[in-house]
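The values are calculated or read from the model by the stated rules, or taken from the named source; none is laboratory data. Keep in mind that this is a model prediction, so the values were computed, not measured. Ideal geometry is used to build each Cβ from the backbone, glycine not excepted, and the neighbour counts take in all protein chains shown. Just the protein is used for accessible areas: all its heavy atoms, side chains included, with ligands, DNA and RNA removed. Shrake-Rupley method; radii C 1.70, N 1.55, O 1.52, S 1.80 Å.
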Amino acid sequence: TGYFEEDWEEEEYVFSNFEGAEDDENYWNYCLKEIHIYEKAEAANVEKVFLKTTYEGNINDFPIYSQLKVSTFVEDDYVKCSNEEIDSTRAKVREKNFNVFSPTWLFHAFNYYGDDYIFRLLSFIRDKDICDLHSGNLGWVGNRPVIVDYAGFES
């Protein structure tokens with residue numbers, strides 16, 4: 001429901017609650033937020049890029065969730081692209097006025113899913129205000145590009 005942060009002046013760790021995930025009751029529950037985003041992605045027919053989060057049950061009244069373990073994307077080490085491929089991907093995405101959150105991952109996503117699907121996905125990402133799509137939140141199931149963490153984060 002929160003995180004510890006070091007207070008440099010007091011030289012101790014201070015607990016802060018997560019905020020902004022869901023409604024007033026579930027403000028801390030980013031896993032539940034992912035389930036809701038996934039449901040919206042299903043309705044928009046763009047769910048296959050999102051790694052599904054599943055509610056497994058409760059332990060001591062605390063919800064437990066699971067998600068397939070995958071390799072996360074590290075731009076410099078995992079999958080390479082030429083400068084031309086990166087530049088071409090950036091231009092293609094910017095031409096449609098979308099955010100280029102990872103040109104290398106997007107290059108592979110375009111090749112795997114096709115232009116139409118990725119542009120629908122980018123529209124969904126923008127419409128649902130999905131952010132925080134850095135290399136640690138992008139991954140691979142085999143050669144299939146996936147988004148691992150899509151709930152965002154507000155502390």
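Could you list all residues from the stretch 121-155 that are in contact (Cβ under 8 Å) with a residue 60 or more places away in the chain and among the hydroxyl-bearing types (Ser, Thr, Tyr)?
SER135, TYR150, SER155 - these are the residues of the stretch 121-155 that are in contact (Cβ under 8 Å) with a residue 60 or more places away in the chain and among the hydroxyl-bearing types (Ser, Thr, Tyr).
Go through the stretch 67-77 residue by residue and tally those that are hydrophobic (A, V, I, L, M, F, W, C) and in a strand (DSSP E or B). If you could, list the steps in order and put the result at the bottom.
First, the residues of the stretch 67-77 that are hydrophobic (A, V, I, L, M, F, W, C): 68, 70, 73-74.
Add one more test, that the residue is in a strand (DSSP E or B), and what stays is none.
Counting residues in the stretch 67-77 that are hydrophobic (A, V, I, L, M, F, W, C) and in a strand (DSSP E or B) gives 0.
Any residue in the stretch 113-120 that is open to solvent by 70 Å² or more (accessible area, probe 1.4 Å), in contact (Cβ under 8 Å) with a residue 40 or more places away in the chain and assigned to a helix (DSSP H, G or I)?
Yes, that holds for at least one residue.
Please go through the stretch 131-147 and pick out each residue that is polar (S, T, N, Q) and part of a loop (DSSP other than H, G, I, E, B). Working first, answer last.
Here is the first cut: in the stretch 131-147, the ones polar (S, T, N, Q) are 135, 137, 143.
The one that is polar (S, T, N, Q) and part of a loop (DSSP other than H, G, I, E, B): ASN143.
Go through the stretch 112-129 and give me each residue that's farther than 17 Å from ASN143 by Cβ and of a type in the set (Val, Ile, Thr).
Of the residues in the stretch 112-129, the ones farther than 17 Å from ASN143 by Cβ are 115-116, 119-129.
The answer is ILE125, and nothing else.
In this structure, does ASP87 turn out to be of a type outside the set (A, V, I, L, M) and either in contact (Cβ under 8 Å) with a residue 24 or more places away in the chain or over 24 Å from SER123 (Cα atoms) (or both)?
no
Please find, within the stretch 121-140, the residue that is surrounded by the fewest Cβ atoms within 10 Å (Cβ to Cβ) out of those that are charged (D, E, K, R) and under 14 Å from the mean Cα position of the chain (by Cα).
Among them, the one singled out is ASP129.
Looking at the stretch 81-102 only, could you name the residues that are closer than 21 Å to VAL46 by Cα, part of a helix (DSSP H, G or I) and open to solvent by less than 70 Å² (accessible area, probe 1.4 Å)?
Listed by number, the residues that qualify are THR89, LYS92, VAL93.
So which residues in the stretch 15-60 are of a type in the set (S, T, N, Q), closer than 27 Å to PRO145 by Cβ, in a strand (DSSP E or B) and open to solvent by less than 50 Å² (accessible area, probe 1.4 Å), if there are any at all?
Within the stretch 15-60, the subset of a type in the set (S, T, N, Q) is 16-17, 26, 29, 45, 53-54, 58, 60.
With closer than 27 Å to PRO145 by Cβ added as a condition, the list becomes 29, 45, 53-54.
From what is left, the residues that are in a strand (DSSP E or B) are 53-54.
Once the filter is applied, which keeps residues that are of a type in the set (S, T, N, Q), closer than 27 Å to PRO145 by Cβ, in a strand (DSSP E or B) and open to solvent by less than 50 Å² (accessible area, probe 1.4 Å), the stretch 15-60 yields only THR53.
Quick check on my filter: what residues within the stretch 23-39 are in contact with a helix residue (DSSP H, G or I) (Cβ under 8 Å, 6 or more places away or on another chain) and modelled with pLDDT of 95 or more? Step through it out loud before you land on a result.
Taking the stretch 23-39 first, the residues in contact with a helix residue (DSSP H, G or I) (Cβ under 8 Å, 6 or more places away or on another chain) are 26, 38.
Within the stretch 23-39, just TYR38 meets the criteria.
The rows are residues; the columns are (1) open to solvent by 30 Å² or more (accessible area, probe 1.4 Å); (2) part of a loop (DSSP other than H, G, I, E, B); (3) at pLDDT below 95; (4) hydrophobic (A, V, I, L, M, F, W, C).
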site: TYR65; (1), (2), (3), (4): yes, no, no, no
site: VAL79; (1), (2), (3), (4): no, yes, yes, yes
site: THR104; (1), (2), (3), (4): no, no, yes, no
site: ASP149; (1), (2), (3), (4): yes, yes, yes, no
